[in-house]
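Step one of this worksheet: look at the structure below.
The values are calculated or read from the model by the stated rules, or taken from the named source; none is laboratory data. For clarity, every value in this text was computed on a predicted model and none was experimentally measured. Positions of Cβ are generated from backbone atoms using ideal geometry, with glycine treated the same way; all protein chains shown enter the neighbour counts. Heavy atoms of the whole protein, side chains included, go into the accessibility calculation; ligands, DNA and RNA do not. Shrake-Rupley method; radii C 1.70, N 1.55, O 1.52, S 1.80 Å.
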Amino acid sequence: GELLLCEASTVYKYMQEDGSNRGTYGKLVCTNFKISFLDDDSASDDNEPQFKNKIVGENDITLQCVDQIYGVYDEKKKLLTGQLRKYPEKLIICCKDLRVFNFCLRYTKEEEVKRIVSGIVHHSQTPKLLKRLFLFSYASAAPNNTDGRNQTVMFETLEDWRDELERTKGNVRYKAVTTNEGYRVSEKLPLYFVVPICISEESILKYEGRGIPIWCWSCHNGAALLKMSTFPKEQDDGTSQMQKAFLDGIYKTISKPPYELLKLDDLSSSLPSLQDIQTAYTRFKQLFLIDNSTDFWATDVKWFSLLESTNWLEIIRRVLKKAIEVAECLEVQHTNVLLIEESATDLCCVISSLVQVMMDSYSRTKSGFQSLIQKEWVVGGHGFLDRCNHLHKSEKEEAPVFLLLLNCVWQLVQQYPPAFEFTETYLTVLSDSLYVPIFSTFFFNSQHQRDTNKSVESLKTQSGPFRFLTVWDWAVQFDPKAQAFLNNPLYAEKPKPDKSQRKTARFKHQRQLSLPLTQAKPSTKRGFFREETDHLIKNILGKRIGKFINSADEPPNSLREFYDSWHSKPVDYHGLLLPRIDGPEIKVWAQRYLRWIPEAQLHGGGTIATAAKILDLMEEVQSLQVKMDEEHSQAVSGDVHSVPMLRNSARLSSLFPFALLQRQSVKPALPTSTWKDLEDEDDLVKRDDEFVDLSGDML
């Protein structure tokens, strides 16, 4: 289904170098799927990446992955949008996966420059119709030899919901309903969903599903997590009174036995707004959209202050804290929690998913996590099309809500690696898949929108089957050797509470990926709930980060006790997990945000050094097992899970598996003028950044 739209020859692609202008010539093409640079020397390239994506290559950018495009005119950078009067001599493409491409067009024919630049800007930046997405072209020609759903529960049938109720023992008090078949209640709700047994069909139909508690998950003690969309705020008095009476009736119904007590949590008032989240992420990603050494080292001097000013890590901390509060209500207080939001499809999805990852070990397996995303996000009605702004229709609707969830889950994965069957590489690849328009998973606002478009296109397509692919079929993107990087070889199959595993050594930071709120290792008595009173620490840190220490909404004693008590015991990797959320514990997701920056690599180091050794050992054990089986003349099926034959770990760096070892980066001597610029900066920045050496341990 891919069609060539425009192309330009003799385009020079720069490598990310500091002023040396090294690079390679090739052809720049734009199709209805991607922008691609076809390297003239690629055929002789021996450095074929091991972790190769079969759909999107190293020099490919899907149209949905393009973030911003800049033109360089007489050494001045200008954002390119809409019609162009003058064409640039250089083209810079910033991607949503944080890659930055630099193309020189000086040696390209003028007509070709006009066609390729205007073509790229038009096809990647201007508003488009849903059916113009490559998703539809691909679906009509999609191969049928894929291995299906990979044990992921899709939640598209009534049986799927009933099985989930049975798995969580929620079927005594809750029921799966068919009221929305044919989408007669609401186009925003899934075909099937679960409500308390006492809720009547009339109640569900009355306000198009608004004001109805929808079940998310049941705890082992019977307490349940529910969500509800609210009524529009601007209503006349009569309507508001009727809606209030309706809600009161619902609350009374589900507060009676056999139900537990009910706690309402309005997320719109207790968490940052979507606009705040979008603003914070926009600032945050700019720290990593770097295409040369000079810019990188310039940010090094103000790293902590720049990181703090984005507010992104603070938003992650607040979201994790909210999830802990909900977990405490369910686990300790045996209280049902009802999450309330205008549409119940944004922050409700984040909190309900996080709570399940923390409380249900099934959600920490690969198939369990994928089923969770299907249930809460895809079928649950999160507006991926609008929130990711895939059609470039409205920036007002854009917000990285799903990315926020992945960032929060990553905090848990890096704090408790043995508890998860998947790796951080899996999360990184999943975040990249948001922008690959061959999977329907992240390209619709609702199940209704997907089903409607699928049925219409199926009628039109006479030549063959019209089928949307799911992102959960990883074989479409990766071969088995590459898929091995998505699975955690150290996953704890059975619960093994062990104190020695719990108290691991703290990583030594040189340029930290978290904000320093304490001078040294925080004491166990100083939790994120407690007000910091140490006079010396306050003087060192200054007032500017007080908001991280003093929480305006100081939680009740029971929550503090719950948090402190849990962290004082050994971890059960198959039981409840609570994230550590003191300031320095919330870190930057290094693999996702730093993987394209050569200056940030650790030569022969980072988490990959450990992973490489483990995978090598696994492969050795497996080959020995095969030899033993052969010697004993036992039939070997040949279905041995292959693991990647890694290069010598000394040749790897922390950029692996996304990039191979790159040039050594030398930190430049700091010019005197830079110190003068910093004279007005806070003590905190001066104190901490003096000792930073970025060529050291970034991870």
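A few remarks follow.
- Scanning segment 75-117 for residues that are closer than 23 Å to Y25 by Cβ, outside any strand (DSSP E or B) and without any contact (Cβ under 8 Å) to a residue 40 or more places away in the chain returns E75, Y87, P88, E89, E110, E111, K114.
- Segment 559-572 residues that are farther than 20 Å from A419 by Cα and at pLDDT 95 or above, paired with ones that are of a type in the set (F, W, Y) and surrounded by fewer than 16 Cβ atoms within 10 Å (Cβ to Cβ) (beta carbon under 6 Å, 6 or more apart): none
- Condition broken by Q235, with the remaining ones in (1) surrounded by fewer than 17 Cβ atoms within 10 Å (Cβ to Cβ); (2) in contact with a Gly (Cβ under 8 Å, 6 or more places away or on another chain) satisfied: (2)
- Output for segment 318-333, where each listed residue is open to solvent by less than 20 Å² (accessible area, probe 1.4 Å) and either farther than 17 Å from S558 by Cα or in a loop (DSSP other than H, G, I, E, B) (or both): V319, L320
- Test for K375: is it modelled with pLDDT under 95 and either assigned to a helix (DSSP H, G or I) or open to solvent by 10 Å² or more (accessible area, probe 1.4 Å) (or both): no
- Check on G182, on the phi > 0 side of the Ramachandran plot, of a type outside the set (S, T, N, Q) and in a helix (DSSP H, G or I): yes
- Among the conditions (1) at pLDDT below 95; (2) surrounded by fewer than 22 Cβ atoms within 10 Å (Cβ to Cβ); (3) within 30 Å of G209 (Cβ to Cβ), N336 misses just one, which is (2).
- Members of segment 250-293 found to be open to solvent by 30 Å² or more (accessible area, probe 1.4 Å), in a helix (DSSP H, G or I) and modelled with pLDDT under 90, listed by number: Y251, K252, T253, S255
- Members of segment 294-303 that are of a type outside the set (S, T, N, Q) and in a helix (DSSP H, G or I): D295, F296, W297, A298, D300, W303
- Among the residues listed as F136, F193, the single one being among the aromatic types (F, W, Y), touching a residue at least 40 places away in the same chain (Cβ under 8 Å) and touching a helix residue (DSSP H, G or I) at 6+ places or on another chain (Cβ under 9 Å): F136
- Any hit, segment 350-364, residues being open to solvent by 10 Å² or more (accessible area, probe 1.4 Å), basic (K, R) and in a helix (DSSP H, G or I): no
- Flag for G19 being over 17 Å from S124 (Cβ atoms), open to solvent by 40 Å² or more (accessible area, probe 1.4 Å), touching a helix residue (DSSP H, G or I) at 6+ places or on another chain (Cβ under 6 Å) and at pLDDT below 90: no
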